[in-house]
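Colleague: I'd like to ask you about the structure that follows.
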Amino acid sequence: EPEVTQTPSHQVTQMGQEVILRCVPISNHLYFYWYRQILGQKVEFLVSFYNNEISEKSEIFDDQFSVERPDGSNFTLKIRSTKLEDSAMYFCASVTEWVWETQYFGPGTRLLVL
Amino acid sequence: AQSVTQPDIHITVSEGASLELRCNYSYGATPYLFWYVQSPGQGLQLLLKYFSGDTLVQGIKGFEAEFKRSQSSFNLRKPSVHWSDAAEYFCAVGALRNSGGSNYKLTFGKGTLLTVNP
């Protein structure tokens, strides 16, 4: 069964450093998402991406965040200057273009900012 | 804005016992409701979803959920729990973009951690 993959599974970084989280969505999917879950809190929507542009973003997704689909397979989330509060599990998800089809999630990247 | 409440942070049941996980939602329009499960080290896996029609929906792994509009609830049930069901369970409501299109975002509850005793 096709699956969403994410790398790395864990990343530790120093405050102020840039990090790039990578995702490979399912190949025939056209919508891509990033969600995050701070420890002990809810899974929160960050951003959705379609046709090479941001479709929707949350209040959390400020200028420190950016997303990109650099090639036909990868989807990345960049945090330019990490803060302590960016420590969280980041999930990538993808879905076909058909309405209310299932969003498939990757296993997540656990980011720790020191 | 939509929201989801899962009142139980942690539930422990014995193997073979029945299970009900509670979920209440707040949404101004017709809700599209989902249950996801997360096992350690795994991503979120869809158990079932409700869009319309029959208010009792069947999912994978023997789970079912019932949509009750009058109670704004979408509780997850399983008649007999297996040790492999130990995981964290998330209820979510889907919302389409106001500007249209088929893109929807999920709003999750905090999750319920299920422990299964042998």
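Colleague: B:Val57 fails exactly one of the following numbered conditions: (1) of a type in the set (Val, Ile, Thr); (2) away from every other protein chain (no Cβ under 11 Å); (3) closer than 13 Å to B:Phe90 by Cα. What is the number of that condition?
Modeller: The one condition B:Val57 does not meet is (3).
Colleague: Same structure, new question: So which of B:Glu88, B:Glu64 ends up being among the charged types (D, E, K, R) and within 11 Å of chain A (Cβ to nearest Cβ)?
Modeller: B:Glu88 is the lone residue from the list that is among the charged types (D, E, K, R) and within 11 Å of chain A (Cβ to nearest Cβ).
Colleague: Pull out all pairs, ordered by first then second residue, where Cβ-Cβ is under 7 Å, the residues are six or more apart or on different chains, the first lies in region A:12-26 and is on the phi > 0 side of the Ramachandran plot, and the second is crowded, with 16+ Cβ neighbours inside 10 Å.
Modeller: Matching pairs, first to second residue: A:Gly16/A:Thr82.
Colleague: Go through (1) within 25 Å of A:Gly40 (Cα to Cα); (2) outside any strand (DSSP E or B); (3) over 13 Å from the mean Cα position of the chain (by Cα) and name the single condition B:Lys110 misses.
Modeller: Evaluating B:Lys110 over (1) within 25 Å of A:Gly40 (Cα to Cα); (2) outside any strand (DSSP E or B); (3) over 13 Å from the mean Cα position of the chain (by Cα) leaves (3) as the failure.
Colleague: Report, by residue number, each residue of region B:30-64 that is in contact (Cβ under 8 Å) with a residue 40 or more places away in the chain and among the small types (Gly, Ala, Ser).
Modeller: Selection gives B:Ser39 alone.
Colleague: So A:Glu59 fits all but one of (1) within 8 Å of another protein chain (Cβ to nearest Cβ); (2) at pLDDT below 95; what number is the exception?
Modeller: (1)
Colleague: Take region B:69-118 and flag every residue that is among the charged types (D, E, K, R), surrounded by fewer than 16 Cβ atoms within 10 Å (Cβ to Cβ) and modelled with pLDDT of 95 or more.
Modeller: Listed by number, the list holds a single entry, B:Arg77.
Colleague: Still on this model: Given the condition hydroxyl-bearing (Ser, Thr, Tyr) and within 12 Å of the chain's Cα centre (by Cα), answer yes or no: does some residue in region A:12-19 qualify?
Modeller: no
Colleague: Output yes when any residue across region B:35-53 is open to solvent by 70 Å² or more (accessible area, probe 1.4 Å), over 29 Å from A:Glu1 (Cβ atoms) and within 10 Å of chain A (Cβ to nearest Cβ), and no when none is.
Modeller: no
Colleague: Here's a follow-up. Please determine, by comparing only the residues of region B:2-54 that are aromatic (Phe, Trp, Tyr) and in a loop (DSSP other than H, G, I, E, B), which one is farthest from A:Tyr90 (Cα to Cα).
Modeller: Residue satisfying both the conditions and the ranking: B:Phe51.
Colleague: Select from region A:68-99 the residues that are hydrophobic (A, V, I, L, M, F, W, C), open to solvent by 20 Å² or more (accessible area, probe 1.4 Å) and within 14 Å of chain B (Cβ to nearest Cβ) and list them in ascending order.
Modeller: Passing the criteria: A:Met89, A:Trp98, A:Val99.
Colleague: Restrict the check to region A:40-63 and report whether at least one residue is in contact (Cβ under 8 Å) with a residue 60 or more places away in the chain and open to solvent by less than 70 Å² (accessible area, probe 1.4 Å).
Modeller: So in region A:40-63, the residues in contact (Cβ under 8 Å) with a residue 60 or more places away in the chain come out as none.
No: zero hits.
The values are calculated or read from the model by the stated rules, or taken from the named source; none is laboratory data. Treat the numbers as computed from the prediction; the structure is a model and nothing was measured. When we count neighbours, we look across all protein chains shown, and the Cβ atoms used for this are built from the backbone with ideal geometry, even at glycine. Remember, those area values only see protein heavy atoms, side chains included, never the ligands or the DNA or RNA. Shrake-Rupley method; radii C 1.70, N 1.55, O 1.52, S 1.80 Å.
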